[in-house]
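The structure appears right after this line, and notes come after that.
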Amino acid sequence: MLQLLFDFGFVFVGILIAAMWIRSGLPIDPVVLVSYAAILALTLLAINSWLGFYQRIHDRTVEDSRARAVLSLHLAVPVAYLIFLILPIAQVDRVFLELSGMAALFGMLSHRVFASHRKTKARVTHRILVFGVGNEAVKVTAALNQEDPTIQVVGFYPGPMCKDIVVPQDRVLPQTMSLVDTAVFYKVDEIVVAMDDRRGGRMPLRELLDCRVSGILVLDMSSHFERMLGQIRLDALRAGWLIFGDGFRQGVRRSFIKRVFDIIAAIILLIIFSPVMLVTALLVFLEDGAPVFYRQERVGLNGRLFNVIKFRSMRRDAESDGKPRWAVTNDDRTTRVGRIIRKVRIDELPQLFCVLNGSMSMVGPRPERAFFVDQLTKEIPFYAIRHSVKPGVTGWAQVRYHYGASIEDAVQKLQYDLYYVKNHTLLLDLVVIFETVGVVVGGKGAQ
């Protein structure tokens, strides 16, 4: 709340400074000043809330924050400006509104980036009670401690028929009070259900319902990881949860909007980066000759094969033995130009043509080679689900996890891909694209 009030104040101060600067010596219409400041502030607060600027997690990278700031810049000012034009408040001075809006936005976003990365001794924690004392409780606690440092597990509450206690005995909460009274006593924000066996009346539905009615959030492991970490954890995933839960809404309307967005975005990016692509093609040819482009068969929507197009960044004999290999850090097969264009992701730009021909999307799971797909499908459960949407030039896993070069990395990235497949919307696509800007600028995960 304090961060929100600071941001709201930055908007008013920014607009006031801009107004005094633009109209020095001239009277300022207070109706225009206050009205536009309020509209812009509310717009910015809504967009920044959607982008996660007010999340309790403060461990995102600086590049991530900058990417979100860029998205706010592109969305907030025009939205607020259009809203103000619709309202019959006063005669609008376009220069005043635009410059004052930019000043307010700069102050607000500078404050948010600073607040997100300042080092504080006190960290806001999210208090969780784990309902269960078996192997599932151990797994969920280990995952929480690894993925989210703001989580504080207050303890483990045994179920009514729990016999085998695997968690540390000193962390088991006494059953002298009911579940809801225990949660209130320990000031719990959320209860995560992690029971090994839920059959035969082992799940105390009435007690969990009392907690829910009391305002305490009650989630199973899969829903918790999806909501808090933006991933669907494989070690907490059950097929029934996928079948009966929401999400996975493809639909004609969503597919149409996504396709229109893909075409418009690909055309714009091709126009913007066409000089870069021409120079890159020339440099690749001068260093290692033709071909300039590299075509490789990948697995796409519904398991269909297609040819992905990239600038060639490796030697022509990179796989002369015919055996596919994972790309690794400082791969000795790359050329000098190849190392540079891979570092800044220029080698990926020709994939925009794949977007135009419909075999790829701007955002989606990254396409893999059939050799690796066969291997990963056998070893990783639910891996084939990622092929229920078109592969993307960038994706949720790419902006959330480093470059994958092993089966273990593929497991981690699949958890983000499953989240995207289940929850993808146009707004999520926009967030991914602008966060990709931060990833590219920071060189995160480049190989």
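Of all the criteria given as (1) farther than 30 Å from ALA410 by Cα; (2) modelled with pLDDT of 90 or more, the one not satisfied by ILE272 is (2). Counting only residues that are within 20 Å of the chain's Cα centre (by Cα) and open to solvent by 30 Å² or more (accessible area, probe 1.4 Å), which one in the stretch 236-256 is modelled with the lowest pLDDT? Among those residues, the one meeting the criterion is ASP246.
Residue check: SER361 meets all listed conditions (1) modelled with pLDDT of 90 or more; (2) in contact with a Ser or Thr (Cβ under 9 Å, 6 or more places away or on another chain); (3) not charged (D, E, K, R) but one, namely (2). Look at the stretch 160-184: where a residue is touching a residue at least 12 places away in the same chain (Cβ under 8 Å) and a partner is of a type in the set (Phe, Trp, Tyr) and assigned to a loop (DSSP other than H, G, I, E, B), sitting 6+ places away or on another chain with Cβ atoms under 8 Å, you get LEU173/TYR186.
Matching residues to (1) at pLDDT 75 or above; (2) part of a helix (DSSP H, G or I):
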| residue | (1), (2) |
| --- | --- |
| LYS390 | yes, no |
| HIS402 | no, no |
| LEU418 | yes, yes |
| VAL421 | yes, yes |
| VAL440 | no, yes |
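Residue pairs whose Cβ atoms lie under 9 Å apart, separated by 6 or more positions or on different chains, with the first residue in the stretch 132-144 and farther than 17 Å from GLU226 by Cβ and in a loop (DSSP other than H, G, I, E, B) and the second of a type in the set (Lys, Arg) and open to solvent by 10 Å² or more (accessible area, probe 1.4 Å), are VAL133/ARG171. Within the stretch 366-385, the set of residues being in contact (Cβ under 8 Å) with a residue 40 or more places away in the chain, over 18 Å from TYR401 (Cβ atoms) and assigned to a helix (DSSP H, G or I) comprises ALA370, PHE371, VAL373, ALA384. Scanning the stretch 205-221 finds no residues that are small (Gly, Ala, Ser), in contact with a helix residue (DSSP H, G or I) (Cβ under 6 Å, 6 or more places away or on another chain), outside any loop (DSSP other than H, G, I, E, B) and modelled with pLDDT of 75 or more. Condition check for ILE243 on (1) touching a Pro at 6+ places or on another chain (Cβ under 9 Å); (2) part of a helix (DSSP H, G or I); (3) within 30 Å of GLU408 (Cα to Cα): one failure, at (1). Say whether the condition of being open to solvent by 40 Å² or more (accessible area, probe 1.4 Å) and without any contact (Cβ under 8 Å) to a residue 12 or more places away in the chain is met by at least one residue in the stretch 399-406. For the stretch 399-406, residues open to solvent by 40 Å² or more (accessible area, probe 1.4 Å) and without any contact (Cβ under 8 Å) to a residue 12 or more places away in the chain: absent.
The values are calculated or read from the model by the stated rules, or taken from the named source; none is laboratory data. The structure displayed is predicted, hence computed values, not measured ones. Note that we place each Cβ from the backbone using ideal geometry, even for glycine, and neighbour counts take in every protein chain shown. Protein only, heavy atoms only, side chains kept; ligands, DNA and RNA dropped before computing areas. Shrake-Rupley method; radii C 1.70, N 1.55, O 1.52, S 1.80 Å.
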